[in-house]
Amino acid sequence: MPQLSSRHWLAAIALLTASQVQAAEVKVDVLQNRLAHPWALAFLPQDQGILITLKGGELKRWQPGKGLSPAIRGVPKVWAQGQGGLLDVALAPDFAQSRKVWLSFAEAGDDGKAGTAVGYGRLSEDMQQLEDFTVVFRQQPKLSVGNHFGGRMVFDGKGYLFIALGENNQRPTAQELDKLQGKLVRLTQDGKVPQDNPFVGKAGVRPEIWSYGIRNPQGMALNPWSKALWLNEHGPRGGDEINLPEAGKNYGWPLATWGINYSGLPIPEAKGTSAPGTEQPLFYWKDSPAVSGMAFYNASTFPQWQNKLFIGALKDKDLIQMSVDGNKVTEDGRLLGERNARIRDVRVGPDGYLYVLTDETDGQLLKVSPAA
């Protein structure tokens, strides 16, 4: 294995297999089933329930004791093919006043291909409609035939919105700064380009770009202790990563990767596990769990979960528990493997419990807590 910097030496810990680590038992309550491939969830304030996106194009509200609402009207038409569809959902930081609900989704182009788009609408007082939905961002050009849309959104608490974008399974585009494939973009809360973005004013470069060299981002969250943004992404065959995306930096794909092609051959463009001018991951997995949604635990409800990071796994059908110490992270174990279900999203609820979505035809909303 190549020598890593001191910042990244803990990536080697990821070589442990799930059988080598054990996690504490958990209690799981099934709150809702019969969800057709749910993708993301967001908590409404004042115990008004949870918004859930379904990949096929529906946004619904779940409430305790009442179950699932009919589809909320006013959601944009989505391109629901392959990995595309209705993706992430996030409440605007000023939701109490604006009632803005943000959605990311796959949007069709004119040539049978698609790209990620982002917009917002105003949630009506009766919670039955998104009014005046406005698209403020479109991934350009539209290149996906069904792969690697990304779509996770995070408001950073400083007035900015980050959107993680896949490279549409077009590897070279992640390094091409005139395209929005394989990029993390940063916008204002109104969907405009901040003037202090790292590439603003540079010829031939998209000004929305914050960082690049990303393959297929599937989880993103703000670290509550450092306030830094963390992002995870799928590698090819091996090499799933956690990165700390910083302004203007290159995270390597496809020039540097800890994975290989699905054929078993090296990635054609790869220079190895590192390449000049690129950043090493904070953490990587030699064998890809197919990471998905991620959430830091900073609630007081369960002290044993303090300073933990939870990440869903699609291929491994599990919930990964990790310990965080500054910018060092180690895997503790897996929590939900016995359910044999693809984990798509995980969030910490206002009550301090974990809420998890399983990405299945008959998907579930789970409420998870330590067993004791």
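The values are calculated or read from the model by the stated rules, or taken from the named source; none is laboratory data. Predicted model, so just to flag it, every value in this text is computed and none were measured. Methodologically, a virtual Cβ is constructed for each residue, glycine included, from the backbone with ideal geometry; neighbour enumeration extends over all protein chains shown.
Pairs please, first residue from region 322-342 and in contact (Cβ under 8 Å) with a residue 60 or more places away in the chain, second anywhere and in a loop (DSSP other than H, G, I, E, B) and among the aromatic types (Phe, Trp, Tyr), Cβ atoms under 8 Å, 6+ apart in sequence or on different chains.
What qualifies is Val324/Trp225.
Taking Lys317, is it more than 16 Å from the chain's Cα centre (by Cα), crowded, with 21+ Cβ neighbours inside 10 Å and free of Cβ contacts under 8 Å to residues at least 60 places away in the same chain? Break it down into steps so the answer makes sense when it comes.
Values: more than 16 Å from the chain's Cα centre (by Cα): yes; crowded, with 21+ Cβ neighbours inside 10 Å: yes; free of Cβ contacts under 8 Å to residues at least 60 places away in the same chain: yes.
Judged against the criteria, Lys317 is a match.
Looking at Pro303, Pro281, Pro276, which is the one that is under 24 Å from Arg171 (Cβ atoms), without any contact (Cβ under 8 Å) to a residue 24 or more places away in the chain and not aliphatic (A, V, I, L, M)? Write out each step before concluding.
Details: Pro303 fails: under 24 Å from Arg171 (Cβ atoms); Pro281 fails: without any contact (Cβ under 8 Å) to a residue 24 or more places away in the chain.
Going through Pro303, Pro281, Pro276 in turn, the sole match is Pro276.
Can Arg186 be described as buried (at least 16 other Cβ atoms within 10 Å of the Cβ), at pLDDT 95 or above and either within 21 Å of Gly109 (Cα to Cα) or in contact with a helix residue (DSSP H, G or I) (Cβ under 8 Å, 6 or more places away or on another chain) (or both)? Explain how you work it out, then say what you get.
Details: buried (at least 16 other Cβ atoms within 10 Å of the Cβ): yes; at pLDDT 95 or above: yes; either within 21 Å of Gly109 (Cα to Cα) or in contact with a helix residue (DSSP H, G or I) (Cβ under 8 Å, 6 or more places away or on another chain) (or both): no.
When the stated conditions are applied, Arg186 does not pass them.
Select from region 89-140 the residues that are assigned to a loop (DSSP other than H, G, I, E, B), more than 19 Å from Glu58 (Cβ to Cβ) and in contact with a Lys or Arg (Cβ under 6 Å, 6 or more places away or on another chain) and list them in ascending order. I'd like the intermediate steps shown before the answer.
Within region 89-140, the first condition is being assigned to a loop (DSSP other than H, G, I, E, B), and the residues that meet it are 92-94, 99, 109-113, 124-128, 139-140.
The next check asks that each one be more than 19 Å from Glu58 (Cβ to Cβ); those that pass are 92-94, 99, 109-113, 125, 139-140.
Listed by number, the residues that qualify are Ala92, Arg99, Gly109, Lys113.
Looking at region 191-231, which of its residues are under 16 Å from the mean Cα position of the chain (by Cα) and of a type in the set (S, T, N, Q)?
Ser211, Asn216, Gln218, Asn223 - these are the residues of region 191-231 that are under 16 Å from the mean Cα position of the chain (by Cα) and of a type in the set (S, T, N, Q).
Out of all the residues in region 217-236, which are in a loop (DSSP other than H, G, I, E, B), farther than 17 Å from Gln83 by Cα and touching a Phe, Trp or Tyr at 6+ places or on another chain (Cβ under 9 Å)?
First, the residues of region 217-236 that are in a loop (DSSP other than H, G, I, E, B): 223-228, 235-236.
Remaining after also requiring farther than 17 Å from Gln83 by Cα: 223-228.
Those that are in a loop (DSSP other than H, G, I, E, B), farther than 17 Å from Gln83 by Cα and touching a Phe, Trp or Tyr at 6+ places or on another chain (Cβ under 9 Å): Asn223, Pro224, Trp225.
Being over 24 Å from Ala295 (Cβ atoms) and out of contact with any Leu (no Cβ under 8 Å at 6 or more places or on another chain) is the requirement here; does Asn168 meet it?
Working: over 24 Å from Ala295 (Cβ atoms): yes; out of contact with any Leu (no Cβ under 8 Å at 6 or more places or on another chain): no.
Here the answer is no, as Asn168 does not meet what is asked.
Listed here are the residues, each with its yes/no results for (1) of a type in the set (Lys, Arg); (2) under 19 Å from Gly349 (Cβ atoms); (3) over 22 Å from the mean Cα position of the chain (by Cα).
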{"site": "Leu31", "(1), (2), (3)": "no, yes, yes"}
{"site": "Ala40", "(1), (2), (3)": "no, yes, no"}
{"site": "Gln63", "(1), (2), (3)": "no, yes, yes"}
{"site": "Ile72", "(1), (2), (3)": "no, no, yes"}
{"site": "Pro76", "(1), (2), (3)": "no, no, no"}
{"site": "Ala90", "(1), (2), (3)": "no, yes, no"}
{"site": "Ser98", "(1), (2), (3)": "no, no, yes"}
{"site": "Leu103", "(1), (2), (3)": "no, no, no"}
{"site": "Glu107", "(1), (2), (3)": "no, no, no"}
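Report whether or not Arg215 is of a type in the set (Lys, Arg), in contact (Cβ under 8 Å) with a residue 60 or more places away in the chain, more than 13 Å from Val118 (Cβ to Cβ) and surrounded by fewer than 23 Cβ atoms within 10 Å (Cβ to Cβ). Full working, then the answer.
Numbers: of a type in the set (Lys, Arg): yes; in contact (Cβ under 8 Å) with a residue 60 or more places away in the chain: yes; more than 13 Å from Val118 (Cβ to Cβ): yes; surrounded by fewer than 23 Cβ atoms within 10 Å (Cβ to Cβ): no.
In short, no.
Has region 197-212 got at least one residue that is outside any loop (DSSP other than H, G, I, E, B), buried (at least 21 other Cβ atoms within 10 Å of the Cβ) and small (Gly, Ala, Ser)?
Narrowing region 197-212 to residues outside any loop (DSSP other than H, G, I, E, B): 209-212.
The next check asks that each one be buried (at least 21 other Cβ atoms within 10 Å of the Cβ); those that pass are 209-212.
Next, only the ones that are small (Gly, Ala, Ser) stay: 211.
Within region 197-212, one or more residues are outside any loop (DSSP other than H, G, I, E, B), buried (at least 21 other Cβ atoms within 10 Å of the Cβ) and small (Gly, Ala, Ser).
Say we look at region 332-372 and pick out the residues that are of a type in the set (S, T, N, Q) and within 16 Å of Ala40 (Cβ to Cβ); which of these is surrounded by the fewest Cβ atoms within 10 Å (Cβ to Cβ)?
Going residue by residue through region 332-372, those that are of a type in the set (S, T, N, Q) are 340, 358, 361, 364, 369.
Next cut, within 16 Å of Ala40 (Cβ to Cβ) only: 358, 364.
On the way: Thr358: 25, Gln364: 19.
Here the residue is Gln364.
When you go through Phe302, Phe283 one by one, which is the residue that is of a type in the set (Phe, Trp, Tyr), buried (at least 19 other Cβ atoms within 10 Å of the Cβ) and touching a strand residue (DSSP E or B) at 6+ places or on another chain (Cβ under 6 Å)?
Phe283
Name every residue in region 111-145 that is among the polar types (S, T, N, Q), in contact with a Ser or Thr (Cβ under 8 Å, 6 or more places away or on another chain) and surrounded by fewer than 15 Cβ atoms within 10 Å (Cβ to Cβ), in order of residue number.
Gln128
Might you check whether a residue that is part of a strand (DSSP E or B), touching a residue at least 40 places away in the same chain (Cβ under 8 Å) and either touching a Pro at 6+ places or on another chain (Cβ under 7 Å) or surrounded by 24 or more Cβ atoms within 10 Å (Cβ to Cβ) (or both) occurs anywhere in region 241-254? I'd like the intermediate steps shown before the answer.
Pass one, region 241-254, residues part of a strand (DSSP E or B): 241-243, 250.
Applying the additional criterion that residues be touching a residue at least 40 places away in the same chain (Cβ under 8 Å) yields 241-242, 250.
Subsequent filtering for residues that are either touching a Pro at 6+ places or on another chain (Cβ under 7 Å) or surrounded by 24 or more Cβ atoms within 10 Å (Cβ to Cβ) (or both) retains 241-242.
For region 241-254, residues part of a strand (DSSP E or B), touching a residue at least 40 places away in the same chain (Cβ under 8 Å) and either touching a Pro at 6+ places or on another chain (Cβ under 7 Å) or surrounded by 24 or more Cβ atoms within 10 Å (Cβ to Cβ) (or both): present.
Quick one: which strands (runs of 3 or more DSSP E) sit completely within region 285-372 and have at least 2 residues that are small (Gly, Ala, Ser) and within 27 Å of Trp62 (Cβ to Cβ)?
Numbers: elements: 291-297, 308-313, 318-325, 328-334, 343-348, 354-358, 363-370.
Passing ranges, in order: 291-297, 308-313, 363-370.
Conditions (1) within 27 Å of Phe296 (Cβ to Cβ); (2) out of contact with any Asp or Glu (no Cβ under 8 Å at 6 or more places or on another chain); (3) modelled with pLDDT of 95 or more; (4) not hydroxyl-bearing (Ser, Thr, Tyr), marked per residue:
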position	(1), (2), (3), (4)
Asp110	no, yes, no, yes
Lys113	no, yes, yes, yes
Phe149	yes, yes, yes, yes
Lys158	yes, yes, yes, yes
Asn168	no, yes, yes, yes
Gln175	no, yes, yes, yes
Asp178	no, yes, yes, yes
